[in-house]
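The values are calculated or read from the model by the stated rules, or taken from the named source; none is laboratory data. This structure is a prediction, so every number in the text was calculated from the model and none was measured. FYI the Cβ positions are ideal-geometry reconstructions off the backbone, even for glycines, and counts take in every protein chain you see.
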Amino acid sequence: MLPQRGTERVSYTLLVNQQTYTVEQVEPRMLLADVLREVLRLTGTHLGCEHGACGACTVLVDGRPVRSCLMLGIQAQNQSIITVEGLSASDATLSTLQTAFWDEHALQCGFCTPGMLIAATHLLHENPHPSRQQIREALSGNLCRCTGYQNIVNAIERAAGGEGTESRG
Amino acid sequence: MAYDYVGQSVRRVNDQRLLRGQGQYIADIRRPGLAHVAFVRSPHAHARIIAVDTAPAARVSGVLGVYAADGIEFPALPLLFPYRTLDAVTQIPFGREVHHVGEPVAMVVAENRYQAEDGAAAVHVEYEPLPAVAEMKRARQDGAPRVHSDRSGNLAASIMQNVGDAAGAMQEAPIVVNCEIGMGRVSCAPIETRGLLAEWSVRSGDPELHVYAATQTPHMMQRIYAELLHLSERQIHVQAPDVGGAFGAKEPFYVEDFLVAWVSRQLGRPVVWIEDRLEHLLTSVHEREQFHQAQMGLTRDGRILAVIDRFLANTGAYVPWGVIVPVITSTLIPGPYKVPNYFCEGLVMYTNTTPLAPYRGAGRPQAAMVINRLLDRAADRLHVDAAAIRQRNFIQPEDFPYQTGLISREGTPMVLDSGDYPALLKTLMQAGGYAQWQEKKTRQSASDRPLGIGLAVGIENTGMGPHEGATVTVGSDGQVTIVTGAASQGQGHETTLAQVAAEVLAIDIDRVHLVEGDSQRIAYGTGTFASRTAVVAGSAVKMASEQLRDKMLTLAEHLLGTRREFLQLAGGTVRVVSDPTRSVSLAQLAEAASGPFPGSSYTLPVDPGLSVTMFFTPPGATYAAGAHLVVVEVDRDTGQVNIVAYTAVHDAGTLINPQIVTGQIQGGISGGIGTALLEEMRFDEAGQLLTGTFMDYLLPTALDVPDMTVLHRATPSPLNPLGAKGVGESGAIPSPSAIVAAVEDALKTEHAVLDAIPVRPSAVRQRIRMASEPQ
């Protein structure tokens, strides 16, 4: 007979933002997003839909963007995870991409922003000089209800060394 | 001047922590011993609850308590917006009868969210299903099922507006055009759902409730808790942390807000509930759903003689924000145009569906749709240009203040304060390349991807009362703190309100800090909704800052022994102009105003404390306006609509921060694109929601929203000290109408008439097929 739901516990280690964390005595069904948020208290990764459609919870797993609401924490063992907290080198500085988001007013409520930053980080790694259309395609899995996306596209273009403010109204 | 902050696109002061993932949203807050809530929700649109078996849930691992609609009686939620003809039904927490799918019937509290959901799945509820009605046209028919068993019918309210003699004028009008349009129901859908954390403590023998809530209205929540829990406001502390968007969804007081606070007291532990996305789509308020049949009479040269509109509006099962939405629609159909004779009758129907209440735009997009589509029909009939017929009918700049003859939502005569609609549209035509697009459209008309051009002009009543207050204080470190009753959900108040204070006080903006969304920091507050904070809180900040400056100068005169005309306030210091070595800093002024050592006498010429509180009570709404031009390309084979150009010219009065204002308009237009082309909450006949995920309910993505050109053409409002007009909702208002007009224009050879939004590819294909079939 299977143990009663909610009673089984597992422990494992995760490599997040170049730091090794021990995740102790959690339920095996715990989602990666919940492990990051509840156990490691890295609350920059946000949950907007919990069904893989809004992109707010996107993190990098071995360099690839992953919905952390669709992956179990235990599945992420032995892989390198990057969250929004790992994007800038220190507490004193913002990354080029983060600064571009600030300059271009690419965030309003800020809730979708961590997922946007992660998606953009991946895009710029794969394609350092994307066109506006390529940026839009790369963001099409991340929903934003505040900005209308234009300033986010501007910011990514600026971070890639492009014009950035060209289309600002 | 170095401190001319108002009008500058200052980078937002709040962004760095949000960009690092250091925001503190409701789901990020943790308290010792925190327990988690999951709700059991009705699968029926209308049913009586016979019995609830909580015992199996109570045995689930980690479950701390199970509470059900069985044996508990709570009062109904208070009615927030009474209206003369409204027969109000508000929701009862854990009522015996459920009136839409998703109403909570039980709640489980557990050590964590997973276990709470396990518990919720184990609760067994026995229902007696009752006949349900989901569709508003059906709800109006004789013999329709009754939404509420104890009511004789389904009519929530009737709304009427009457100016002049519309029926008579229509009869005599040489040109009469008609327009029928249904507007689909949408969800506010902020990316952060609702959420609430409640914790009780005891102070001087009295219970105290501390609530963190993702809310637009913390003071209103405080007041409603006081009423429902029979406590005094001093015992209730409501605090909004960072809020991840709202758009109306976080404006009403919901049954969950009550139940989570209540259960925390029962359990004696802090408790948190975070709405999931299905719950949001099922229970957070919806909007827009209306069906209009409208008629316009004109002269042969295209002057409006009369407009008659009859509409149905759906309010769902309850009226969480009264019937404000259809009331606003009824007052704003004439919009920026002179309509000498106007009649409007709206019937607001209860249905067994999710309640409707304001979503960004709040009834105004529907109004803009009706009047602008009527004008498009009239332009077609008269073979005149869409812009020309609008120019012919605008209220002129010299007509302000313009008496509309209507009664506003506040119950007072509706007067438009300022505007220049002819210039707005003229600027739009030039900036949007109207003539060039017309030529391009003609060249492309025979292709498989014809172009279409649409335009619309809309107005918005903004900056409404009753009030907002601001306390501006200089601390002992010389830094300035602003406290207001507003609450930001991404609008950037931390920056814009700081700009207002920093300019008045001639201080570096980095030294000005905003505290808001906290019921314990200022006694009264109204909240952030209805495009009101820049106008109402902004004006209060300006007034309080000006009084504070006066107080500083009075104190500096005393301390420096020099009259104020010889003093200069700048950079956090008051100096003697002729001798800058004689100066006093804001920190020193604050120190002095706090009084000398305890026990001494206070002898200064100002009241103690370098702090001033002022409330701004707007005398009436100020009217923002927007003109939008859209060019679409329609794929005849797939029905796909692609927006190829979007230009908006907006009048938001005096701009505090142009970059932020532009961002608000871009976001509003993005919402308007969703309303026009993508978003619709659908129910089946039995009231089951068919669009419970973001796979079924389509929000606009980065591929759906184009680059937009947003320009500003300001006429400052005479109704507030800033000259500002509200802007949060503006972009959403003319956009659906302009987009539908553009799609219809692209299908001109098919003579397609689009009578419903959203216009999805299937609808476009259907119109094309209908046109090609032999009649």
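Exactly one residue among B:Thr90, B:Thr54 is touching a residue at least 60 places away in the same chain (Cβ under 8 Å), surrounded by 15 or more Cβ atoms within 10 Å (Cβ to Cβ) and either within 14 Å of another protein chain (Cβ to nearest Cβ) or farther than 21 Å from B:Pro252 by Cα (or both), and that residue is B:Thr54.
Being touching a residue at least 60 places away in the same chain (Cβ under 8 Å) and on the phi > 0 side of the Ramachandran plot is a property that holds for B:Gly102.
Determine if the stretch B:690-702 includes at least one residue that is part of a helix (DSSP H, G or I) and facing chain A (nearest Cβ under 9 Å). No; the residues of the stretch B:690-702 include none that is part of a helix (DSSP H, G or I) and facing chain A (nearest Cβ under 9 Å). Of all residues in the stretch A:76-89, those that are over 20 Å from B:Tyr25 (Cβ atoms), among the hydrophobic types (A, V, I, L, M, F, W, C) and not in a loop (DSSP other than H, G, I, E, B) total 3.
Against the list (1) surrounded by 19 or more Cβ atoms within 10 Å (Cβ to Cβ); (2) more than 21 Å from A:Asn142 (Cβ to Cβ); (3) of a type in the set (Ser, Thr, Tyr), the condition A:Thr58 fails is (2). Regarding the stretch A:90-97, can at least one residue be identified that is within 27 Å of A:Cys144 (Cβ to Cβ), of a type in the set (D, E, K, R), touching a strand residue (DSSP E or B) at 6+ places or on another chain (Cβ under 9 Å) and not in a strand (DSSP E or B)? No, the stretch A:90-97 has no match at all. Tell me, please, whether a residue that is surrounded by fewer than 18 Cβ atoms within 10 Å (Cβ to Cβ), over 24 Å from B:Leu699 (Cα atoms) and not acidic (Asp, Glu) can be found in the stretch A:44-54. No, the conditions are met nowhere in the stretch A:44-54. A single member of B:Ser730, B:Ser737, B:Ser762 is polar (S, T, N, Q), surrounded by fewer than 24 Cβ atoms within 10 Å (Cβ to Cβ) and either within 14 Å of another protein chain (Cβ to nearest Cβ) or in contact (Cβ under 8 Å) with a residue 40 or more places away in the chain (or both), and it is B:Ser762.
From the list B:Val727, B:Val710, B:Val661, exactly one residue is more than 17 Å from the chain's Cα centre (by Cα) and not assigned by TED's automatic domain parsing to the domain that holds B:Gly538. Which is it?
B:Val710
Is there a residue in the stretch B:61-80 that is part of a loop (DSSP other than H, G, I, E, B) and within 14 Å of chain A (Cβ to nearest Cβ)? Yes, the stretch B:61-80 contains at least one residue that is part of a loop (DSSP other than H, G, I, E, B) and within 14 Å of chain A (Cβ to nearest Cβ).
Of A:Pro130, A:Pro114, all but one fail to be outside the structural domain of A:Arg37 (by TED's automatic domain parsing) and closer than 26 Å to A:Glu27 by Cβ; the exception is A:Pro114.
Counting residues in the stretch B:710-717 that are surrounded by fewer than 24 Cβ atoms within 10 Å (Cβ to Cβ), in contact (Cβ under 8 Å) with a residue 24 or more places away in the chain and of a type in the set (A, V, I, L, M, F, W, C) gives one or more. Being on the phi > 0 side of the Ramachandran plot and not hydroxyl-bearing (Ser, Thr, Tyr) is the filter; apply it to the stretch B:196-235 and report the residue that is surrounded by the most Cβ atoms within 10 Å (Cβ to Cβ). Selected residue: B:His230. Taking the conditions (1) modelled with pLDDT of 95 or more; (2) more than 30 Å from B:Arg364 (Cβ to Cβ) in turn, B:Val649 satisfies each one other than (2). Please tell me if A:Cys112 is at pLDDT 95 or above, touching a Phe, Trp or Tyr at 6+ places or on another chain (Cβ under 7 Å), surrounded by 15 or more Cβ atoms within 10 Å (Cβ to Cβ) and not charged (D, E, K, R). Here the answer is no, as A:Cys112 does not meet what is asked. For the stretch A:19-39, filtered to residues that are more than 11 Å from chain B (Cβ to nearest Cβ) and touching a Ser or Thr at 6+ places or on another chain (Cβ under 8 Å), the residue that is farthest from B:Ile29 (Cα to Cα) is A:Thr20.
Selection of the stretch B:439-463 for residues being out of contact with any Phe, Trp or Tyr (no Cβ under 8 Å at 6 or more places or on another chain), surrounded by 13 or more Cβ atoms within 10 Å (Cβ to Cβ) and polar (S, T, N, Q) yields B:Gln444, B:Ser445.
Here B:Gly671 fulfils each of the conditions (1) over 22 Å from the mean Cα position of the chain (by Cα); (2) at the interface with another protein chain (Cβ under 10 Å from one of its Cβ atoms); (3) closer than 23 Å to B:Ala534 by Cα; (4) buried (at least 22 other Cβ atoms within 10 Å of the Cβ) apart from (1). Residues in the stretch B:6-30 that are small (Gly, Ala, Ser) and more than 10 Å from every other protein chain (Cβ to nearest Cβ): B:Gly7 alone. The strands (runs of 3 or more DSSP E) found wholly in the stretch B:114-189 and carrying at least 2 residues that are surrounded by 20 or more Cβ atoms within 10 Å (Cβ to Cβ) occupy B:155-163, B:175-183.
For B:Asp707, the conditions (1) more than 7 Å from chain A (Cβ to nearest Cβ); (2) among the acidic types (Asp, Glu); (3) in contact with a strand residue (DSSP E or B) (Cβ under 9 Å, 6 or more places away or on another chain) are fulfilled apart from (1). Of A:Glu126, A:Glu85, A:Glu104, A:Glu137, all but one fail to be among the acidic types (Asp, Glu) and more than 10 Å from chain B (Cβ to nearest Cβ); the exception is A:Glu126. The residues listed here are A:Gly169, A:Gly73; of these, the one that is modelled with pLDDT under 95 and crowded, with 20+ Cβ neighbours inside 10 Å is A:Gly169. For B:Ile507, indicate whether it is part of a loop (DSSP other than H, G, I, E, B) and at pLDDT 95 or above. Taking the combined requirement at face value, the residue satisfies it.
Looking at B:Ala686, B:Ala676, just one residue is crowded, with 24+ Cβ neighbours inside 10 Å and more than 11 Å from chain A (Cβ to nearest Cβ), and that residue is B:Ala676. As for the stretch A:148-166, it holds at least one residue that is more than 7 Å from chain B (Cβ to nearest Cβ), under 21 Å from B:Thr701 (Cβ atoms), part of a helix (DSSP H, G or I) and in contact (Cβ under 8 Å) with a residue 60 or more places away in the chain. Being modelled with pLDDT of 95 or more and within 30 Å of B:Met183 (Cβ to Cβ) holds for only one residue in B:His219, B:His230, B:His292, B:His237, and it is B:His292.
In the set (1) away from chain A (no Cβ under 13 Å); (2) of a type in the set (Gly, Ala, Ser); (3) buried (at least 21 other Cβ atoms within 10 Å of the Cβ), the condition left unmet by B:Gly33 is number (3). Could you please let me know if B:Leu690 is aliphatic (A, V, I, L, M) and free of Cβ contacts under 8 Å to residues at least 12 places away in the same chain? It is true that B:Leu690 is aliphatic (A, V, I, L, M) and free of Cβ contacts under 8 Å to residues at least 12 places away in the same chain.
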